[in-house]
Amino acid sequence: MEQNLKTSSTGFQRKKNRMGSSGVQMVCVALGVMGLIGAIVCCALPLWKVSAFIGNNILTAQDYQDGLWMQCVKQSTGQQQCKVYDSMLELSSDLQAARAMTIISCMLCGLSILVLFCGADFTTCVQNEDAKPKLSLVAGVGLLLAGLLVIIPVSWSANITVRDFNNPLLPNSQKREMGACIYIGWAAGVLLILAGGLLCCFSRPKSGSSGGTAKYYSNSASAPNKNYV
């Protein structure tokens, strides 16, 4: 009787923990998808650096927009022309590093979300209950790294943009301001780090203490029957 109560309580506790972890994993999937979309947008749009309107340049005929892959010029009439960089060496050091980091971040984030789907409690891709927490933990670490790989390049580019903006030796026509991709990258990185942190906290591998306790009660309950002669 005691063994049955212990087994039923253990099963109820496991089911309760599984339901709680499923909710956390669903939230992490949503955060990861939003972070992935933000990282892709940040990588694709040419809005890392835009023209700065200061001094006598408040009204200009052209608005320059620099991205990772192309540079665009927007006329005052509304027309926009974009040109892909002929060589990677045309880019500044921060944008060169941002190319590699953002691409790796997108790939790592997508792979981590797939691993999370396989190891989540609300899917049946993996039947082994002991392997699911480990897969979720791996996905959490991957999302953390993906978030860092987004935040580092956008912060680096923002630092250089602010430094050049405050440089008195640089002409006003060559100064740039932070574009929308910088803010999108910060938001995407925070979402990915938040998702990875939640997974690392709530997807720890379960210890085998409950199984050992049930087995101990089973042996102790059957031990007195062996002494009868």
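The values are calculated or read from the model by the stated rules, or taken from the named source; none is laboratory data. Keep in mind that this is a model prediction, so the values were computed, not measured. Cβ: placed from backbone, ideal geometry, glycine included. Neighbour counts: every protein chain shown. Remember, those area values only see protein heavy atoms, side chains included, never the ligands or the DNA or RNA. Shrake-Rupley method; radii C 1.70, N 1.55, O 1.52, S 1.80 Å.
At-a-glance table
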read-out: Any hit, region 38-46, residues being closer than 15 Å to L199 by Cβ and out of contact with any Cys (no Cβ under 7 Å at 6 or more places or on another chain); value: no
read-out: Hey, I54 modelled with pLDDT under 80, surrounded by 11 or more Cβ atoms within 10 Å (Cβ to Cβ) and in contact with a helix residue (DSSP H, G or I) (Cβ under 6 Å, 6 or more places away or on another chain) or not; value: yes
read-out: Region 85-112: number of residues that are of a type outside the set (S, T, N, Q) and outside any helix (DSSP H, G or I); value: 3
read-out: Qualifying residue in region 69-86 (condition: buried (at least 17 other Cβ atoms within 10 Å of the Cβ) and among the polar types (S, T, N, Q)); value: yes
read-out: Condition check for A146: open to solvent by less than 50 Å² (accessible area, probe 1.4 Å), within 27 Å of K49 (Cα to Cα) and without any contact (Cβ under 8 Å) to a residue 60 or more places away in the chain; value: no
read-out: Residues of region 101-127 satisfying the condition of being surrounded by fewer than 17 Cβ atoms within 10 Å (Cβ to Cβ) and either among the polar types (S, T, N, Q) or farther than 30 Å from Q25 by Cβ (or both); value: T123, T124, Q127
read-out: Within region 124-229, helices (runs of 4 or more DSSP H) holding 1 or more residues that are more than 18 Å from S112 (Cα to Cα), at pLDDT below 85 and among the aliphatic types (A, V, I, L, M); value: 209-222
